Amino acid sequence: MKIVVLVKEVPDTYGDRKLNLETGLADRASGEMVMDEVCERSLELALSYADNNPGTEVVVLSVAPSGATATLRKGLAMGAASAVQVVDDALVGADLGLTAEVLAAALTRIGFDLVIAGNQSTDGSGGVIAAMIAELLDAPQLSSLSSVAISDAAVSGMRASDGATMRVSAELPAVVSITEALPDARFPNFKDSMSAKKKPFETISLNDLGVNAEDPEASRSIVIALSEKPPRAAGTKIVDEGDAGEQLANFLIQNQLT
């Protein structure tokens, strides 16, 4: 079985996150860049299956700038057999549609039995890439799974909603997205990090995939306005002098919160 795990390099959750107000892009120099945690959990799911099923090949795939090599190397150090990185200047600022198109083309090129992704990234938080890829590949998709079971011919799992839980399943090949309810990722040791340098690492371009980022017939989104988030204003303080309840009621009424 070949499992392809989609990984993404994002600004560290615990660091500053800023937008470049001139370009509308994330300022990648404002903080440390790391592999998204939900991507690490996706990779752990694939590796855990591979540990118990000899012959399973795990590949990490990313659409990322050339400087994101270390993130894919970490995936190799964790245990992936190979890595594929799509790098192209035309992908700077790519929207969700173009990103999904590129990933789908890369997956077709690589081949897969199962694709595992996070349910949404911690930077863009689009939450639709896995579904868009499944649509483009004409493959079944199981979304936002909090548990996953993989077999030779199928994949299944639990999806939680506000009022219930659902058990869903699909025959392979398929695409699944997981939540942070899945187990934490393993930590690669020094030996793993060194061996990762010898594993296959392929860098491909849009030309290799036959994707035209400037296709006039394709739907592309553009940024039409950008502004910095305004500073948070001070809240209203209510001092209880025997009429706090009345003050609170008036505040709710004035702000149409009743």
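Got a number for residues in the stretch 208-258 being surrounded by 10 or more Cβ atoms within 10 Å (Cβ to Cβ) and either outside any helix (DSSP H, G or I) or in contact (Cβ under 8 Å) with a residue 40 or more places away in the chain (or both)? Steps first, answer last, please.
As a first pass, look at the stretch 208-258 and keep what is surrounded by 10 or more Cβ atoms within 10 Å (Cβ to Cβ): 208-209, 211-213, 215, 218, 220-221, 223, 226, 236, 238, 243-254.
Right, trim to either outside any helix (DSSP H, G or I) or in contact (Cβ under 8 Å) with a residue 40 or more places away in the chain (or both) and you get 208-209, 211-213, 215, 218, 220-221, 223, 226, 236, 238, 243.
The number of residues fulfilling the criteria is 14.
Evaluate the following for VAL59: is it aliphatic (A, V, I, L, M) and part of a helix (DSSP H, G or I)? No; evaluated as a whole, the condition is false for this residue. Within the stretch 155-176, is even one residue loosely packed, with under 10 Cβ neighbours inside 10 Å and in contact (Cβ under 8 Å) with a residue 12 or more places away in the chain? Scanning the stretch 155-176 turns up no residue that is loosely packed, with under 10 Cβ neighbours inside 10 Å and in contact (Cβ under 8 Å) with a residue 12 or more places away in the chain.
Condition check ((1) at pLDDT below 95; (2) small (Gly, Ala, Ser); (3) in contact with a helix residue (DSSP H, G or I) (Cβ under 6 Å, 6 or more places away or on another chain)) across all residues:
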residue: LYS2; (1), (2), (3): no, no, no
residue: VAL5; (1), (2), (3): no, no, yes
residue: VAL10; (1), (2), (3): yes, no, no
residue: LEU19; (1), (2), (3): yes, no, no
residue: ALA26; (1), (2), (3): yes, yes, no
residue: ASP36; (1), (2), (3): yes, no, no
residue: CYS39; (1), (2), (3): yes, no, no
residue: TYR49; (1), (2), (3): no, no, no
residue: PRO65; (1), (2), (3): yes, no, no
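Looking only at residues of the stretch 169-197 that are farther than 25 Å from THR122 by Cα and part of a strand (DSSP E or B), we find that the one that is farthest from the chain's Cα centre (by Cα) is GLU171.
The values are calculated or read from the model by the stated rules, or taken from the named source; none is laboratory data. This is a predicted model, so every value here is computed, not measured. Here the Cβ is made from the backbone with ideal geometry for all residues, glycine too, and neighbour counts use every protein chain on show.
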